[in-house]
Amino acid sequence: MTHVLVVDDDPGITRFFQRFFAQRGVATSSAHTVEEFNLQLEKEFHLALVDIRFGPVDGVQLINQITRKHPHCAVIAITGYASVKTAVQAMKAGARDFIEKPFTDIDQLQRQLGVYLKQPDPNRDEDDPWPDLCPILRKIGMICSANSPLLPILRIAMRIADSDIPILILGETGVGKEQVARFVHEASSRQNNPFLAINCAAISDTLLESELFGHEKGSFTGATETRQGLLELANKGTLLLDEVADMPVRLQTVLLRVLEQKEFLRVGGRSPIRSDARILSATNRLVDQLAAEGTFREDLLYRLDGIRLEIPPLRYRKDDILLMMRDFLKRQDFPEDHVSPDVERYLTAYAWPGNVRELNQALRHAMALAGNGPITPEHLPARIRHAVEGCRQDRDGFSWDQDLDQLTKRILQDWLQKKDCTLEELEQTLKQLNREVLFRVVEHLWFKYQKDKSKVCKVLGINERKFRYILYELRPDRGDSL
Ligand SMILES: Nc1ncnc2c1ncn2[C@@H]1O[C@H](COP(=O)(O)OP(=O)(O)OP(=O)(O)O)[C@@H](O)[C@H]1O
């Protein structure tokens, strides 16, 4: 018999669920206190509903405990309407979904929870482990393995796809931010309308303005006819502002006004235009730092940053690397068994600073060199071979030298590109480097110990409060994601 655990300090809520599940032939246990929770944790259950405001205790911690002790148990967070952000944090901690109090729509609750009460289907297609996500992944050609740290992010994306919460997608270059934006679009009821993206870093201030908002005929030299902008074209669909942190400051001000007033003017236009485009934004920059330095408007950041989806770097997604490799070769009709096992070792040991984009390039390179023969490590780009062969790896095959070398180079290169490099700036750059290295250490341990905060703290020799403090000190933009 299916067994559900309800963790809520409000007896009204536990009684409600006891009745709800009894009517559906499901046994329920409840926990109103931490002591009761600890007792229940030792028992077996298939589904747990956890209030994220559980008295003095952080419900997210309880979710963590359940998912570690019962990895196959689905956990659903219970949240008040105003705390969707916290619910998203709960999903980052391993909850599969969240339900919002008060429960007024019983049919909706039945639909949401019913999925988790079903017995596993013996005929289930093993290639389709998440029937809700897989059709979308297939449609957009996106790969995500069952163990991927990307999976909880996609679950969150799926859950908030139809809301109007602004989504800010963060992650290193080539990690799949645009793919995730497309996923949000496809998971929403906007899917049959356009999905458009614009790179805010790639074009000049005036061209970007005209691309975004359109222009009237004759509004500037070369404007020979009236053109709609992307905001207008994406009406009822989705517009991704890629590299949003690089948007020129003047346009940031215009965009903020447009988001506030919900209407805009074409360049040279007089009549306000309304667009029901859902705006998503993405960046690989440290956006909070830019806001603190004044290069990115804080009020605009606040507007765009309803919920952050942090896309994990490819080096923490080793199963994804192998799945992507197989998928790539399959699409090129390259026989899968034509790849030497050593290649897989190289691919999973490399740090992939250019993430998925770099992986695809490396596979293209290897295929071209291998011709009709099997792909061996010699066919991989030299930088990958050298990085893997020349580096020290820890017991998991993680290559610190490579990862930290690349990080150092990137940060110092950024510094060198500044026009007048003063000593003071160098000092700041080195401080930033220090922080980044420390953050990488924490990030690495976080994934290594499968997000078990207490284990990470033990290794670092600090308590959990200090851990949070360090994270926010190091990278306020990423503290949320760990
Ligand atoms: N999970 C994935 N499965 C399959 N392909 C992917 C995945 N993630 C990214 N890609 C591919 O990798 C390439 C880069 O992805 P994308 O443009 O989404 O990254 P990005 O983070 O937006 O990059 P940038 O920072 O340069 O804007 C694209 O060709 C995309 O199709």
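Taking residue 222 and the conditions (1) at positive phi; (2) within 16 Å of the ligand (Cβ to nearest atom), which numbered condition does it fall short on, given that it satisfies the others? Against the list (1) at positive phi; (2) within 16 Å of the ligand (Cβ to nearest atom), residue 222 comes up short only on (2). Within the stretch 290-322, take every residue that is in a helix (DSSP H, G or I), farther than 24 Å from residue 432 by Cα and not hydrophobic (A, V, I, L, M, F, W, C) and give me the one that is farthest from the ligand (Cβ to nearest atom). Within the stretch 290-322, the match that is farthest from the ligand (Cβ to nearest atom) is 299.
Sub-6 Å Cβ pairs linking a first residue in the stretch 131-159 that is not assigned by TED's automatic domain parsing to the domain that holds residue 444 to a second residue that is within 12 Å of the ligand (Cβ to nearest atom) and polar (S, T, N, Q), at least 6 apart or interchain, are 142/179, ordered by first then second residue. Filtering 27, 48, 22, 31 for residues that are free of Cβ contacts under 8 Å to residues at least 24 places away in the same chain and either open to solvent by 30 Å² or more (accessible area, probe 1.4 Å) or assigned by TED's automatic domain parsing to the domain that holds residue 85 (or both) leaves a single hit, 22. Among the residues of the stretch 166-182, those that are of a type outside the set (Gly, Ala, Ser), open to solvent by 10 Å² or more (accessible area, probe 1.4 Å) and within 6 Å of the ligand (Cβ to nearest atom) comprise 173, 177, 178, 179. Restricting attention to the stretch 146-165, and to residues there that are open to solvent by less than 20 Å² (accessible area, probe 1.4 Å) and assigned to a helix (DSSP H, G or I), which single residue is nearest to the ligand (Cβ to nearest atom)? Taking the candidates together, the pick is 150. Could you look through the stretch 197-214, keep only residues that are among the aliphatic types (A, V, I, L, M) and surrounded by fewer than 17 Cβ atoms within 10 Å (Cβ to Cβ), and pick out the one that is farthest from the ligand (Cβ to nearest atom)? Applying the filter and picking the extreme gives 207.
When each of 250, 257 is tested for being open to solvent by 10 Å² or more (accessible area, probe 1.4 Å) and in contact with a helix residue (DSSP H, G or I) (Cβ under 7 Å, 6 or more places away or on another chain), the lone residue that passes is 250. Check whether at least one residue in the stretch 264-283 is within 16 Å of the ligand (Cβ to nearest atom), open to solvent by 30 Å² or more (accessible area, probe 1.4 Å) and under 24 Å from residue 358 (Cβ atoms), and report yes or no. No, that holds for no residue.
Within the stretch 175-190, restricting attention to residues that are in a loop (DSSP other than H, G, I, E, B) and not small (Gly, Ala, Ser), which residue is farthest from residue 320 (Cα to Cα)? So the residue we want is 190.
The set of residues from the stretch 210-250 being out of contact with any Ser or Thr (no Cβ under 9 Å at 6 or more places or on another chain) and in a helix (DSSP H, G or I) comprises 211, 212, 213, 230, 250. Report, by residue number, each residue of the stretch 235-244 that is more than 11 Å from the ligand (Cβ to nearest atom) and open to solvent by 10 Å² or more (accessible area, probe 1.4 Å). Matches in the stretch 235-244: 235, 236. Where helices (runs of 4 or more DSSP H) fall entirely within the stretch 1-90, those with at least 2 residues that are in contact with a Gly (Cβ under 9 Å, 6 or more places away or on another chain) are at 59-69. Here the stretch 323-370 is the region considered, the condition is being within 16 Å of residue 384 (Cα to Cα) and basic (Lys, Arg), and the residue that is farthest from the ligand (Cβ to nearest atom) is 345.
The values are calculated or read from the model by the stated rules, or taken from the named source; none is laboratory data. Note that the structure is predicted; figures quoted are calculated from it, not measured. Every residue, glycine as well, gets a Cβ built from its backbone with ideal geometry; the counts of neighbours run over all protein chains shown. Keep in mind that these areas ignore ligands, DNA and RNA; they rest on the heavy atoms of the full protein, side chains included. Shrake-Rupley method; radii C 1.70, N 1.55, O 1.52, S 1.80 Å.
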